[in-house]
1. Go through (1) surrounded by 13 or more Cβ atoms within 10 Å (Cβ to Cβ); (2) under 29 Å from S8 (Cα atoms); (3) not hydrophobic (A, V, I, L, M, F, W, C) and name the single condition T64 misses.
2. Say we look at segment 7-29 and pick out the residues that are touching a Leu at 6+ places or on another chain (Cβ under 6 Å) and at pLDDT 95 or above; which of these is surrounded by the fewest Cβ atoms within 10 Å (Cβ to Cβ)?
3. Restricting the first residue to segment 30-58 and requiring it to be without any contact (Cβ under 8 Å) to a residue 40 or more places away in the chain and open to solvent by 70 Å² or more (accessible area, probe 1.4 Å), which pairs with a second residue that is outside any loop (DSSP other than H, G, I, E, B) and of a type in the set (S, T, N, Q) meet a Cβ separation below 7 Å and a spacing of at least six or different chains?
4. Return yes or no: is A40 touching a Leu at 6+ places or on another chain (Cβ under 7 Å) and not in a loop (DSSP other than H, G, I, E, B)?
5. Can you name every residue in segment 38-54 that is closer than 22 Å to R69 by Cα and not polar (S, T, N, Q)?
6. What's the number of the only condition in (1) among the acidic types (D, E); (2) open to solvent by 80 Å² or more (accessible area, probe 1.4 Å); (3) modelled with pLDDT of 95 or more that D4 fails to meet?
7. Looking only at segment 5-37, count how many residues are closer than 14 Å to R69 by Cβ and part of a helix (DSSP H, G or I).
Amino acid sequence: MNKDVNESRFRRIPAVIVPHGMTTKLAKHFGVTIQAVRNALKYQCNSDQAMAIRREAMANYGGTEVSLRV
């Protein structure tokens, strides 16, 4: 089967992956819930605070931006 045809069936979404335990530390750092941090890292919200969470995760918490295929 053609690889291009298979790839067109999926779409890529950005996400920030952080090491184990860093989601909780980010939540405490920003004074928000763990779910708020998860939503920010999955780009499910794009508020100023979500952008700050992603920036902080990549700068100081070992976060890496990836592209997930869904």
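1. T64 satisfies all of (1) surrounded by 13 or more Cβ atoms within 10 Å (Cβ to Cβ); (2) under 29 Å from S8 (Cα atoms); (3) not hydrophobic (A, V, I, L, M, F, W, C) except (1).
2. Within segment 7-29, the first condition is being touching a Leu at 6+ places or on another chain (Cβ under 6 Å), and the residues that meet it are 13, 15-16.
Now narrow it down to the ones that are at pLDDT 95 or above: 15-16.
Details: A15: 17, V16: 20.
Applying the filter and picking the extreme gives A15.
3. Close Cβ pairs (under 7 Å, with a partner that is outside any loop (DSSP other than H, G, I, E, B) and of a type in the set (S, T, N, Q)) amount to R38/T23.
4. Numbers: touching a Leu at 6+ places or on another chain (Cβ under 7 Å): no; not in a loop (DSSP other than H, G, I, E, B): yes.
When the stated conditions are applied, A40 does not pass them.
5. First, the residues of segment 38-54 that are closer than 22 Å to R69 by Cα: 38-46, 50-51, 54.
Correct list: R38, A40, L41, K42, Y43, C45, A50, M51, R54.
6. Answer for D4: the failing condition is (3).
7. Residues in segment 5-37 being closer than 14 Å to R69 by Cβ and part of a helix (DSSP H, G or I): 3 in total.
The values are calculated or read from the model by the stated rules, or taken from the named source; none is laboratory data. Worth saying up front: this structure is predicted, and the values here are computed from it rather than measured. Heads up, the Cβs are rebuilt from the backbone with ideal geometry, glycines too, and the neighbour counts pull from every protein chain shown. For the accessible areas, the whole protein counts, side chains as well, though only heavy atoms, and no ligand, DNA or RNA atoms are used. Shrake-Rupley method; radii C 1.70, N 1.55, O 1.52, S 1.80 Å.
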